[in-house]
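Here, each number is a calculation from the coordinates, and none is a lab measurement. Being a predicted model, the structure only gives us computed values, none of them experimental. Cβ placement follows ideal geometry from the backbone for every residue including glycine, while neighbour counts extend to all protein chains displayed.
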Amino acid sequence: MPDSASSQSFENRMSSETYLNHPTFGLLFRICVIDDNRELFSTLYAQRLFFLVATTAQGIQFEPLGRSDARILVEGRLRELRRTGQSGEHSKVQAIHQQTFQ
């Protein structure tokens, strides 16, 4: 039986994950928020296909991205978080960057 610390960590991680169903590629998971209306998603299993997902008044729009373009978006987000002094969010996105692109 898991102890309460690891159980709580698992619950926090699960509650912070966001998934989206793509009409062709299936289940996507959110890598990070890019700005107010845009988020970076990747395919759940391969993590080779990336999508910039924009939420607009017309609905959700998927823009496919290559790995290098996705990495550039995340690095831009890191610069923005550093510039605005959001160290907690910066640490989270930095960890995501290392897991995904290194």
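So the values come out like this:
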item	result
Computed E for R48/A95 - FRET, C-beta separation, R0 22 angstrom, nearest 0.05	0.65
Value of [θ]222 nm, deg cm²/dmol, for the chain, DSSP H segments ≥ 4, -39500 (n - 2.57) each, nearest 500	-15000 deg cm²/dmol
Size of the chain as Cα extents on the principal axes (Å, biggest first)	44, 35, 30
Residue-span extension gain [Y19 to E80] - 0.36 nm each, minus C-alpha spacing	19.5 nm
